[in-house]
Amino acid sequence: MTGETDLQKLLASMEPQLLPDVHVFATLAPGAAVPDGLDPVMSFREREGLTLIVTEDEAKAAELVGTFRCRMITLDVHSSLEAVGFLAAITARLAAAGMGVNPVSAFYHDHLFVPAERAEEAMKLLQKLAQAFPSPLVGEGVAEGDG
């Protein structure tokens, strides 16, 4: 499975899904083990340490200092890791509204971490962006009266 690369199709067919939990970014010193019971949605190793994205509750329970209270929005469209401009279009739209975003690309989907207090606003902006593009199915496939 390779995923979609056409920018217009990606923007038209993305369905943003807002997840319920509040997440935070935390870091562990180089070589430190992830505390038991912690189930990061993402981890990334840098020379300065291990970055984790975890729920705010998990961070507190593990006594980790978390920063950037955020909500996760999954863009429910199978985007290719080689797609050009998809996240650029999305982050530009959020930036125009003065909103910071931390995007993460995974194998099947892209995910956005937006400020928790602005998550609903981000959803409206993303839905409006998707509606600005015609559906990729319009004019394709089933003719009127078929089916």
Restricting segment 114-133 to residues that are touching a residue at least 40 places away in the same chain (Cβ under 8 Å) and within 12 Å of Pro16 (Cα to Cα), the residue that is surrounded by the fewest Cβ atoms within 10 Å (Cβ to Cβ) = Glu120
Take the residues in segment 26-54 that are of a type outside the set (D, E, K, R) and in contact with a helix residue (DSSP H, G or I) (Cβ under 9 Å, 6 or more places away or on another chain), then tell me which one is farthest from Met123 (Cα to Cα).
-> Pro35
Unmet criterion (only one of (1) modelled with pLDDT of 95 or more; (2) touching a Pro at 6+ places or on another chain (Cβ under 9 Å)) for Arg118 | (2)
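Being more than 15 Å from the chain's Cα centre (by Cα), among the small types (Gly, Ala, Ser) and either crowded, with 19+ Cβ neighbours inside 10 Å or at pLDDT 95 or above (or both) narrows it down to one residue among Gly98, Gly31; which is it? Give the steps one after another, and end with the answer.
Numbers: Gly31 fails: either crowded, with 19+ Cβ neighbours inside 10 Å or at pLDDT 95 or above (or both).
On inspection, the qualifying residue turns out to be Gly98.
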Would a scan of segment 101-113 turn up a residue that is at pLDDT 90 or above, surrounded by 16 or more Cβ atoms within 10 Å (Cβ to Cβ), farther than 15 Å from Val41 by Cα and not acidic (Asp, Glu)?
-> yes
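The values are calculated or read from the model by the stated rules, or taken from the named source; none is laboratory data. What you are looking at is a predicted structure, and each value in this text was computed from that prediction instead of being measured. FYI the Cβ positions are ideal-geometry reconstructions off the backbone, even for glycines, and counts take in every protein chain you see.
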